[in-house]
Amino acid sequence: MDVTFLGSVTDHPGPFATVCADVTHTTENADTELDLRVRALADRLTEQGAPESVVEAVRSRLLEGNEGGEAGTYRGRAVVTGPDGTVLFDAPLADSPRAETAEWSPMPDLVSVLRALPGRIPHVVIVADRVGADITVATAPGLPTVEKSIEGDTHLMRKVQVGGWAHHRYQHTAENVWIHNMQQVIDEIDTLVEKSGARFVLIAGDIRARQIFTDRATPKIKAVLVDMNEGGRAEGADRSVIDERVQELLAEHEAAEDAAVLEQISAASAHGLALTGTALVVEALRKAQVETLVLAEEQDDEQLFVGTSPLEIGVSTEDMAALGVADAARVPVERALLRAAVGSNAGVVVLPRSAMPGDIPVAAVLRYTDDSTAS
């Protein structure tokens with residue numbers, strides 16, 4: 001997973017407030033309920049010593065759901081601020097968090113944020129009818145989904161039984177309008193697939209619109225196209241069945257991606273391009289050798305030493321002294337490793353501990369080796 005979007009946080013000096021909040025806004029008493037949840041989170045930050053400017057910055061972002069708009073549709077929200085209250089990161093979560101977090105600490109808990117973000121698998125969802133389509137595009141984690149609609153021609157949209165010599169002409173004209181409208185959608189989707197790197201394109205809605213789309217789709221679209229019979233575009237139509245199918249496809253692709261990472265580790269090991277274990281991975285991160293950092297979800301109770309720069313990282317005070325860092329801080333291992341990965345443009349994958357080779361908590365696939373790389 002590309003985590004360079006977290007650079008806005010890791011490049012900034014701490015301490016940090018990290019909050020993952022339930023901002024669901026669907027009940028009759030939603031305003032009051034959100035007020036109470038946000039107040040509790042703000043109190044937790046205050047108790048940990050966060051300045052009022054930080055607490056207020058978090059509070060104001062989380063309460064935006066009470067003002068309506070897009071924020072009112074979020075179920076979960078992650079906010080990270082710097083020591084002066086500057087909001088460094090703010091994004092909707094895939095769902096309301098199972099456990100809300102509010103932490104004031106020297107290093108932000110970006111691993112928890114990363115696990116909860118939507119859009120790990122880039123994808124496009126289309127709900128089509130014979131006039132056009134509603135399109136949703138999810139790209140990288142931390143970036144909002146993009147929603148747009150395409151509206152085509154409605155003239156002579158319906159095939160009518162006019163009778164006589166004009167019947168076939170009307171039939172043909174209506175069909176041409178449908179095809180023209182779907183071609184506009186196809187042209188847009190072809191561009192979106194190229195830009196987003198979509199792993200799948202799901203199309204739902206009117207059966208004839210879907211037939212035209214699938215028949216005329218470009219090879220680029222067909223390579224990732226998934227068709228479903230359910231779902232509609234009409235106002236008020238229940239789209240929950242589409243959301244459920246999207247979640248199924250995301251889970252399938254995530255499982256395949258996790259399996260591919262494990263195969264990559266195995267293949268890289270055969271060529272000396274993989275490392276396992278915290279100490280070896282830390283050394284490789286310091287030299288920007290790591291192409292992909294692999295973290296287990298369940299880490300050991302271990303801490304690393306860090307300096308002000310992301311690549312100032314070590315397992316001992318001797319490591320930090322060798323780097324010229326005199327006032328190193330100790331932080332949880334996964335936070336230090338993720339920060340170093342962001343600082344060296346390495347990808348990051350988080351897997352269940354049971355899936356990791358040899359039950360180890362940390363592994364890495366390397367970009368290159370040198371004479372000092374462990375074999």
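Data table
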| item | result |
| --- | --- |
| Residue-normalised accessible area of the range 217-375, given per residue in Å² at a 1.4 Å probe | 49 |
| Surface share of carbon and sulfur [accessible, 1.4 angstrom probe, percent] for the range 225-375 | 48 |
| Using alpha-carbon coordinates, inclination of helix 167-196 to the longest axis of the chain, degrees | 10 |
| Test item: Cα-centred dipole of the chain, Lys/Arg +1 and Asp/Glu -1 on Cβ, debye | 1260 |
| For the range 82-125 and the range 14-74, distance of Cα centres in Å | 13 |
| Residue with peak Gaussian network fluctuation, the chain [Cα springs, cutoff 10 Å], from Glu100, Glu151, Glu28 | Glu28 |
| Gyration tensor verdict on the range 298-345 (Cα atoms; rounded if a/c is under 1.5, prolate if a/b is larger than b/c, oblate otherwise) | oblate |
| The chain - Debye-derived log10 I(q)/I(0), Cα point model, q = 0.11, 0.14 Å⁻¹ | -0.88, -1.20 |
| For the chain, built as a Gaussian network whose Cα springs stay under 10 Å, the top-fluctuating residue of Leu323, Leu295, Leu88 | Leu323 |
| Angle between the chain longest axis and helix 240-270 axis [Cα atoms, degrees, rounded to 10] | 40 |
| GNM result for the chain, Cα springs below 10 Å: residue of Ala128, Ala288, Ala270 fluctuating most strongly | Ala270 |
| Accessible solvent surface per residue of the range 23-138, calculated while the other protein chains remain in place, 1.4 angstrom probe, Å² | 43 |
| For the chain: lysine pairs under 30 Å (alpha-carbon distance), excluding those fewer than 8 apart on one chain | 7 |
| Hydrodynamic radius (Kirkwood) for the range 322-375, which is based on Cα pairs only, to one decimal in Å | 13.8 |
| Nearest-ten-degree value, helix 207-216 long axis tilted from longest Cα axis of the chain | 70 |
| The range 18-132 - percent of accessible surface contributed by carbon and sulfur, probe 1.4 Å | 47 |
| More than 12 angstrom apart: percent of Cα pairs within the range 214-271 | 77 |
| The chain, helix-only ellipticity at 222 nm - DSSP H runs n ≥ 4, -39,500 (n - 2.57), divided by all residues, nearest 500 | -12000 deg cm²/dmol |
| Along the chain, longest interval not containing exposed trypsin sites (Lys or Arg not before Pro), exposed being DSSP loop plus at most 12 other Cβ atoms within 10 Å | 159-375 |
| Three principal axis lengths of the range 199-316 [C-alpha, angstrom, descending] | 64, 34, 24 |
| Stokes-Einstein D (µm²/s) once Rh is taken as the Kirkwood radius of the range 253-331 over alpha-carbon pairs, at 4 °C in 1.567 mPa s | 92 |
| Table column - 3J(HN,Hα) (Hz), the range 93-110, Karplus curve with 6.51, -1.76, 1.60, x for Gly and Pro | 8, 5, 7, 5, x, 4, 9, 5, 10, 8, 9, 10, 8, x, 9, x, 8, 6 |
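The values are calculated or read from the model by the stated rules, or taken from the named source; none is laboratory data. Keep in mind that what you see is a predicted model, and the values were worked out from it rather than measured. Glycine gets a Cβ as well: all are built from the backbone with ideal geometry, and neighbour counts include every protein chain shown. In case anyone asks, the SASA skips ligands and DNA or RNA and just uses the protein heavy atoms, side chains included. Shrake-Rupley method; radii C 1.70, N 1.55, O 1.52, S 1.80 Å.
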